[in-house]
Ligand SMILES: [Zn+2]
């Protein structure tokens, strides 16, 4: 199969090449040439790697907007309303708006509150295309045996608040982190920062595939993340809604931190990663390069899952998202800016392993 495109963002740096074709054989990209092929499908548009949603809580989609009127503790805390809501309401939650939104992702990392939902959710989500990485936790945070169960049933461990875990359990998590991915919320609140949520994990040598939020992390701690090669996942809408601020992204980038994006609670924020990119770009008013923000979703997201980016290049798997808007593809003055600002509203086409999956708004 040969696809003719207006623009292709190639390689890990997402360099733009214009008016080019991609040749695909057996699910792999075999050639990219800067011309249109007479044998090609004239798809046009902007071809990107598939995006990654590096942090989401899908369960609360059963109760949209249930977070309104609650603060972080009374919504997601150990005595918050989210846990009982997501336990009691178990109706089918992957309906059209959610299925459509998640079908563009290469993968989602779901912080799964109930370990017994991991397998069912994996089946539901993967039926819509993306890979599902269920990172869960035990019902009883003091039970080390239950952590072993989580590692067996789910894809890995998602720590909601490291400070609630006693040292003997942290030792077990440290051991498990060598065999399955472990991610954790850190410094989401000032209290978590002051009590050293990140350092507690690092002191116990928990191998972290990513840390999430890091709102109050200081410069020296951001440098430590860069040195230890731990990606930081930020969720701009959630962070502003619940806390009123977000991690110091400009400093984190200067320190060399790999930053990825997530959409956090699906019951409060629709899992649309373009909305996160646009908010981040707006907060920094263009003082963070648009290409850096696009990389957060289309390259760094993979790193935050502990996998290699599936960027567009020869000999890579033929996975891509095509934004099919001729005006953007041909006339944009800043293609990265257009992807951030208008990606949500574009007609899209998804290619997975060389197969055109579908075209939709
Ligand atoms: Zn979260």
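The values are calculated or read from the model by the stated rules, or taken from the named source; none is laboratory data. Small disclaimer: the values here were computed from a predicted structure and weren't measured. No Cβ is skipped: glycine too gets one built from the backbone with ideal geometry, and neighbour counts run over all protein chains shown.
Here are the numbers for this structure:
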read-out: Qualifying residue in region 59-70 (condition: part of a strand (DSSP E or B), assigned by TED's automatic domain parsing to the domain that holds residue 148, surrounded by 18 or more Cβ atoms within 10 Å (Cβ to Cβ) and within 16 Å of the ligand (Cβ to nearest atom)); value: no
read-out: Selection status of residue 315, over 20 Å from the mean Cα position of the chain (by Cα) and either without any contact (Cβ under 8 Å) to a residue 24 or more places away in the chain or buried (at least 19 other Cβ atoms within 10 Å of the Cβ) (or both); value: no
read-out: Subset tally (residues that are assigned to a loop (DSSP other than H, G, I, E, B) and more than 16 Å from the ligand (Cβ to nearest atom)) for region 185-218; value: 7
read-out: Elements of type strands (runs of 3 or more DSSP E) in region 247-361, at least 1 residues being over 19 Å from residue 3 (Cα atoms) and touching a helix residue (DSSP H, G or I) at 6+ places or on another chain (Cβ under 9 Å); value: 259-261
read-out: Subset of region 105-129 that is assigned to a loop (DSSP other than H, G, I, E, B) and touching a helix residue (DSSP H, G or I) at 6+ places or on another chain (Cβ under 6 Å) - its residue that is surrounded by the most Cβ atoms within 10 Å (Cβ to Cβ); value: 113
read-out: Candidate set: region 231-277, residues that are more than 10 Å from the chain's Cα centre (by Cα) and on the phi > 0 side of the Ramachandran plot; chosen: the one nearest to the ligand (Cβ to nearest atom); value: 244
read-out: Which numbered condition residue 182 fails, given (1) over 22 Å from residue 273 (Cβ atoms); (2) within 16 Å of the ligand (Cβ to nearest atom); (3) touching a helix residue (DSSP H, G or I) at 6+ places or on another chain (Cβ under 6 Å); value: (3)
read-out: Which numbered condition residue 221 misses (of (1) assigned to a helix (DSSP H, G or I); (2) within 16 Å of the ligand (Cβ to nearest atom)); value: (2)
read-out: Options 89, 98, 41: the member that is more than 16 Å from the ligand (Cβ to nearest atom) and at pLDDT 90 or above; value: 41
read-out: Identity of the residue in region 71-84, over 18 Å from residue 191 (Cβ atoms) and either crowded, with 17+ Cβ neighbours inside 10 Å or not assigned by TED's automatic domain parsing to the domain that holds residue 141 (or both), that ends up farthest from the ligand (Cβ to nearest atom); value: 81
